[in-house]
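Everything on this sheet refers to the single structure shown next.
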């Protein structure tokens, strides 16, 4: 039960960035490319490390005792924290560069109207999550979640009109198969007994989540010169609004009687911070790379987590994990090798 | 407990073949290429079907009751039957074409001296098989046998000096991972607890088996114009001799008191016939294709077997099987796609 699957922004890391889309003169273009590449790999690495540590925090909090906080208020807190971090980054940029067309917070209706959609899609997906457990148990759900990989690839191709080479498609199928293999355990076969309703819901959830990701990439990339912190600010504002709605619908009595921050502990605060930073990293990966890179990063993070957990808590690595790890590694190699033969 | 892992020859199928290495005139070369391609795909299909049905016979014979025959005399019978089939094919060819340099049975010492080596390597491997079970149980051994795939690839590269492209190497690693994944069950993790001695023996066995395969390909291809039935005849003669030796060393008392064919039933005779024909198909794949194709055929056969068993005996297909099947399918695609970008 992680507090939020996928989310979106940008932070102090942005301080590294000086006016990202300079009209580069021929002499400075190589330095510029290096800088852009460095930033791209930095955010990919950050996303991988942050996603890996998410699961560590979850296991750690479970060992410390049961969850006694409201998951929905935690989701709201994550959105609020991301919003604050975006604003902090923006203040720094304004002080340094002044307010420009690209970094001003105010926006046109035409621009802002697109931003509520990802938050809405995630909310629908999170609501569906409550109902899918009527048909599917938790281990089977973990397995079915790998459908996200395929849905992201297909929607990425359809809506962003970018081609993957045949080798890269093969690599993407392997990524999905490898991640699933790495997660196999004795109860995984139950995923195959999922009834039709469960399959439909799982596929709809995968499509919602894939579509939200692809849609976010589309709006973030629509105006490349636009400062990512402004884009994130608007994404997170709507994230806060939709999560507030969810609190009123689902958890109002509980939150009203126990208080908003009831049950928050040091570890929960760490988890919220971690989720906020991962959300920001996801958003930056969308800006400077793409959804395919995001899927690869989070998949690698899943494998790194398993290895870290082994060292931290003595979990054992199964043969299926090693096989999945091998398949995912080959997939990453093929993704890169396939880009040249496109 | 299959009666013999890998073996070697050629049969009446050879009747399809008219003088394989004609000096083709320009006008007939296309027809010739088609004919050679047809023969190649025919032997690959035959190998796949025969290997698939092997496991079906084994399961069928198990359900009919315990094995009560001597496995070593069955191995000898397989070699003898292959030898007889090679001779039958040769008689037909002699009657049709007369005796030529390429189809005469007599041979030079220099040519024949190479032929005992594969039979010897298989025998050492089969003897090691008795000892490895002191360190490894049967399900773990099934898993470790997939090391054969890697050893064949490496030895093929080293000794036959043929290049695989980087994509094809990736495909080969996937083939090994996919086959292992398809075979995973609840007891597979024990393979990871194999002690060092077990690993060493498994690796030595994989190398012996891989080397025997690559060596056989080398001697069969050394003289391309040489009739495959003659080459097989000499391979199987030594196979018979070494298996006869094994009967004397290991099973003599039992065979002497109960008789050579003790416990043979209709199903055992079918199994021996099947093994003989598969052996011949392996040998033809070595002649007209190569060890890499052989490994792919037998891997696909393993998957087909599992699907057939499901329909015949109601075995269930697990999630790990489906994942392994997916990875192997992608591997086959990549093997073909990789050959163009070599």
Q. Residue A:163 fails exactly one of the following numbered conditions: (1) away from chain B (no Cβ under 14 Å); (2) part of a helix (DSSP H, G or I). What is the number of that condition?
A. (2)
Q. Restricting the search to region A:168-192, which residues are at the interface with chain B (Cβ under 7 Å from one of its Cβ atoms) and assigned to a loop (DSSP other than H, G, I, E, B)?
A. A:184, A:186
Q. With respect to residue A:276, is the statement that it is farther than 30 Å from residue B:326 by Cα and either within 14 Å of chain B (Cβ to nearest Cβ) or part of a helix (DSSP H, G or I) (or both) true?
A. yes
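Collect the residues in region B:303-336 that are part of a helix (DSSP H, G or I), within 13 Å of chain A (Cβ to nearest Cβ) and farther than 20 Å from residue A:176 by Cα, keeping them in residue-number order.
Of region B:303-336, the ones part of a helix (DSSP H, G or I) are B:303-313, B:319-336.
Imposing the further condition that a residue be within 13 Å of chain A (Cβ to nearest Cβ) reduces the set to B:310, B:319-336.
Hits for region B:303-336 are B:310, B:336.
Okay, residues lined up against (1) over 30 Å from residue A:332 (Cβ atoms); (2) out of contact with any helix residue (DSSP H, G or I) (no Cβ under 9 Å at 6 or more places or on another chain):
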site	(1), (2)
A:59	no, no
A:93	yes, no
A:107	yes, no
A:110	yes, yes
A:121	no, no
A:130	yes, no
A:134	yes, no
A:149	no, no
A:152	no, no
Q.
Of everything in region B:133-153, what is crowded, with 17+ Cβ neighbours inside 10 Å and more than 14 Å from residue B:183 (Cβ to Cβ)? Give them in sequence order.
A. B:135, B:136, B:150, B:151, B:152, B:153
**Q.** Filtered residues of region A:32-49 (kept if farther than 11 Å from residue A:285 by Cβ and within 16 Å of the chain's Cα centre (by Cα))
**A.** A:49
Q) Can you tell me which residues in region A:92-133 are under 14 Å from residue A:229 (Cβ atoms), within 26 Å of the chain's Cα centre (by Cα) and assigned to a helix (DSSP H, G or I)? A) A:92, A:93
Q: Kindly list the number of the only condition in (1) in contact with a helix residue (DSSP H, G or I) (Cβ under 6 Å, 6 or more places away or on another chain); (2) buried (at least 17 other Cβ atoms within 10 Å of the Cβ); (3) over 30 Å from residue A:86 (Cβ atoms) that fails for residue A:277.
A: (3)
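Bear in mind that the values in this text are calculations on the coordinates, not laboratory data. Treat the numbers as computed from the prediction; the structure is a model and nothing was measured. Cβ sites come from the backbone with ideal geometry, for glycine too, and all protein chains shown count toward neighbours.
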